[in-house]
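Note sheet for the following structure.
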Amino acid sequence: MTAMPVAQSSLGGRDLLSAADLSASEVQRLFDRATHLKAEFRATRRHADPLLAGRTIAMLFQRPSLRTRVTFEAGMAQLGGHAIYLTHETVLGARESVRDVARNLDRFVDAIVARTGPHQVVVELAAQAAVPVVNGLTLREHPCQALADLFTLRERFGRLAGLVLAFVGDGNNVYHSLALLGATLGVDVRLAHPEGYGPDRRIVERARELAETTGAALVFGHDPAEIVRGAHVVYTDAWTSMGQEAEAEERRDAFAPYQVDARLLETAGPEAMVMHCLPAHRGEEITSDVMDGPMSLILEQSENRLHVQKALLVELLADEAARAEPPASAGGRPEASTTPV
């Protein structure tokens, strides 16, 4: 690969609770390493250097998972480390307090990945544990998903600054992280949502603060056709997330006009791509012909969870010498920023 200058900021020992925890230069560094790890893994299904040999992470999951669990577990194994999966039986705050769980795991493992409901759980884990804590999903945010998504867009378009991402559906945790990370990297993030299903105002305020540095725009509306017109990518998510099952029928009625189908994609433009964080409810928020069609990036963004999270784990856990110089990417890169996030 062609050598390029890389950002010199290290994430060693840090927590990742929010997409706003990373500066643009830190994301650039992370994406450069992910590019190298992906190329190496695709070539040989192996890594020449087991960067996380002897390292262990605890995966504290209170919610079901396919992609988050498998990508973190497989990623640790591929890098020579080990992941311990703790099921919902380890109920934080019921069987044992969050404080006690954090303080015990801190003595056993090198990092904690938590997938839970209330965002405060990962905040308290991070406050009580000295090892890095990674947000694997909360009701407020899904930063690992947003990182994989924007890495996928950088691969596809060779750049991030100036792209337009149109999110159609609920102003949920995935949207929150996309808005924050997009604002950090100069991506315009639009949202088309029904009345009453908008995003958290505090998240929007923070994203607008970040956008002041990069020139990114946040746009909101209730008309999907208007929001997607001219977008580089149309993004959607399930209308009913985990924990909202009691609202499923009401949500189906509210979101019915927000389905991503061939007509809406045509409105976006002939080159518009499609993304979905999965799991998908085919025939509800997205049609099968669009999901499986030639403009879909859905499997690419799913695969990139593995490569980006491996890069994240290396940056958080590898010895300083190993993570000091991530191999440079030959592809497009997000605009660097020295502004703290």
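Tabulated data
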read-out	value
Efficiency of FRET from Cβ geometry, Thr87 and Leu299, R₀ 22 Å, rounded to 0.05	0.20
Neighbour-count order for Arg99, Arg202, fewest beta carbons within 10 angstrom listed first	Arg202, Arg99
For peptides 60-66, 110-116, sequence by mean Cβ density within 10 Å, most packed first	110-116, 60-66
Net dipole in debye of the chain [+1 Lys, Arg Cβ; -1 Asp, Glu Cβ; about Cα centre; nearest 20]	880 debye
Value of [θ]222 nm, deg cm²/dmol, for the chain, DSSP H segments ≥ 4, -39500 (n - 2.57) each, nearest 500	-13000 deg cm²/dmol
Distance (nanometres) between label positions extended 7 Å along Cα→Cβ at Arg202 and Asp319	4.1 nm
Placed amide H near Tyr235: partners under 5 Å, 5+ positions off or other chain	Ala166, Phe167, Val168, Met275
Built amide H within the under 5 Å cut-off of Leu16, gap 5+	Val133, Val134, Asn135
Net charge contributed by nearby residues that have their C-beta within less than 13 Å of Val70 (K/R +1, D/E -1)	+3
For region 295-305, Karplus couplings with θ = phi - 60° (6.51, -1.76, 1.60), whole Hz, Gly/Pro x	9, 7, 10, 5, 6, 5, 5, 5, 4, 5, 4
Inter-label distance, nm, simple model (7 Å from Cα along the C-beta direction), Arg107/Ala127	2.2 nm
Alpha carbon centroid spacing (whole Å) that separates region 51-88 from region 216-235	35 Å
Phi-based couplings in Hz for region 306-311 (Karplus 6.51, -1.76, 1.60; Gly and Pro marked x)	4, 6, 5, 5, 4, 4
Rounded Å value of the spacing that divides the Cα centres of region 277-317 and region 167-207	18 Å
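Any read-out appearing in this document is the output of simple, stated calculations on the displayed coordinates, not a laboratory observation. Computed from a prediction, not measured in an experiment: that's the story for all the values here. Every residue, glycine among them, receives a Cβ derived from its backbone with ideal geometry; neighbour counts consider all protein chains shown.
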